[in-house]
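Quick notes on the structure that follows.
The values are calculated or read from the model by the stated rules, or taken from the named source; none is laboratory data. Given the structure is predicted, the values throughout are model-derived calculations rather than measurements. Cβ atoms come from the backbone with ideal geometry, glycine included; neighbour counts cover every protein chain shown.
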Amino acid sequence: MSEVALDLLKIAAFLALLAQVACLVVVLVRMFQEGRVAWAVACIALLLCCGLGGQVAFVHGWTLPQRGWTRAVMVMWAVCMAVAVVAVALVAVNTDWDAARQHRRHHHWHWD
């Protein structure tokens, strides 16, 4: 795979990550609006402590009343997750790890 294609996949993964963060914020706000304050606070605490708050919010987001745009946000979040996983997997499979290691070793700063 060419370097340009790999760079485009990295950009796609990054944009999908940003969209996932936006969806997380929307779901947390929706939790507060629905009176599920304990769930929202638990998700925020778990996110800050160990990074699991996003997964809890994703699962709990599907249980929120599917009024208005809530379902669209959850579908978008799921699609963004899939795009990020596929893009990162393709980058990982197509990266020449030995060449990357040699490049880092060659360009590493040495303080003598």
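Does ARG101 satisfy being modelled with pLDDT under 90, more than 12 Å from the chain's Cα centre (by Cα) and part of a helix (DSSP H, G or I)? Explain how you work it out, then say what you get.
Numbers: modelled with pLDDT under 90: yes; more than 12 Å from the chain's Cα centre (by Cα): yes; part of a helix (DSSP H, G or I): yes.
Yes.
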The condition of being of a type outside the set (Ser, Thr, Tyr), over 22 Å from ALA92 (Cβ atoms) and in a loop (DSSP other than H, G, I, E, B) holds, among LEU46, LEU64, only for LEU64
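Could you count how many residues in the stretch 1-43 are of a type outside the set (Val, Ile, Thr) and more than 23 Å from VAL91 (Cα to Cα)? Even if it seems obvious, please write down each step before you answer.
Initially, the stretch 1-43 is screened for residues of a type outside the set (Val, Ile, Thr), giving 1-3, 5-10, 12-20, 22-24, 28, 30-36, 38-40, 42-43.
This time we only want the ones that are more than 23 Å from VAL91 (Cα to Cα), so: 22-24, 28, 30-36, 38-40, 42-43.
Of the residues in that region, 16 qualify.
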Reported set for the stretch 1-43 where residues are under 18 Å from TRP62 (Cβ atoms), part of a helix (DSSP H, G or I) and of a type outside the set (A, V, I, L, M, F, W, C) is GLN20, ARG30, GLN33
Across (1) of a type in the set (Val, Ile, Thr); (2) in a helix (DSSP H, G or I); (3) at pLDDT below 95; (4) more than 30 Å from LEU8 (Cβ to Cβ), VAL73 clears everything bar (4)
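Across the stretch 38-67, what is the number of residues that are aliphatic (A, V, I, L, M), surrounded by fewer than 11 Cβ atoms within 10 Å (Cβ to Cβ) and either touching a residue at least 60 places away in the same chain (Cβ under 8 Å) or farther than 12 Å from TRP77 by Cβ (or both)?
Going through the stretch 38-67, the residues aliphatic (A, V, I, L, M) turn out to be 38, 40-42, 44-48, 52, 56-57, 59, 64.
When the remaining residues are screened for being surrounded by fewer than 11 Cβ atoms within 10 Å (Cβ to Cβ), the result is 38, 48, 59.
From what's left, either touching a residue at least 60 places away in the same chain (Cβ under 8 Å) or farther than 12 Å from TRP77 by Cβ (or both): 38, 48.
Count: 2.
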